[in-house]
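All remarks here apply to the structure that follows.
The values are calculated or read from the model by the stated rules, or taken from the named source; none is laboratory data. What you see is a predicted model, and the numbers here were worked out from it, not measured in a lab. Every residue, glycine as well, gets a Cβ built from its backbone with ideal geometry; the counts of neighbours run over all protein chains shown. Just so you know, the surface numbers come from the protein's heavy atoms only, side chains and all, with ligands and any DNA or RNA stripped out. Shrake-Rupley method; radii C 1.70, N 1.55, O 1.52, S 1.80 Å.
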Amino acid sequence: MHEITLCQRALELIEQQARQHGARRVTGVWLKIGAFSCVERSALAFCFELVCRDTLAEGCELNIEQQEAECWCHHCQRYVTLLSARVRRCPDCLSDTLRIAADDGLQIKRLEIE
Ligand SMILES: [Zn+2]
């Protein structure tokens, strides 16, 4: 499952950072999902709670933000925001010659530690 792998990788980074700061516990995590990552918010939240069991981040508050699907349109010569990451066409000129500008992974935006 895609989400589990992402969560495990995120948790590794979170624990690493928390230890560097001498944290006893991670109380809050802010994640940002890439627009083209095909990650379901609810699945991500579920998996995250699962991988956090028996770690520093157990029971932490999870905040998930979804990144906008931003692309460069060669036809319009400007950045456009897609209505959906699944429909890869410029909303203005309907061209499909788009270059994806947004990140497609999972980012850790902020941590709250104790
Ligand atoms: Zn366009």
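Tell me, yes or no, whether region 24-36 has at least one residue that is part of a helix (DSSP H, G or I), aliphatic (A, V, I, L, M) and over 28 Å from Pro91 (Cβ atoms).
no
Within region 53-114, which strands (runs of 3 or more DSSP E) (wholly inside it) include 2 or more residues that are within 16 Å of the ligand (Cβ to nearest atom) and not charged (D, E, K, R)?
In region 53-114, 70-73, 78-81, 98-100 are the strands (runs of 3 or more DSSP E) which contain 2 or more residues that are within 16 Å of the ligand (Cβ to nearest atom) and not charged (D, E, K, R).
Yes or no: region 13-27 includes at least one residue that is over 21 Å from Glu114 (Cβ atoms), touching an Asp or Glu at 6+ places or on another chain (Cβ under 8 Å) and away from the ligand (no atom under 16 Å from the Cβ).
No, there is no match, as no residue in region 13-27 is over 21 Å from Glu114 (Cβ atoms), touching an Asp or Glu at 6+ places or on another chain (Cβ under 8 Å) and away from the ligand (no atom under 16 Å from the Cβ).
Considering only region 9-43, state which residues are open to solvent by less than 90 Å² (accessible area, probe 1.4 Å) and of a type in the set (S, T, N, Q).
Across region 9-43, the qualifying residues are Gln17, Thr27, Ser37, Ser42.
Checking the condition farther than 30 Å from Glu15 by Cβ and either open to solvent by less than 40 Å² (accessible area, probe 1.4 Å) or not hydroxyl-bearing (Ser, Thr, Tyr) (or both), which residue from Arg53, Arg86, Arg110 passes?
Arg86
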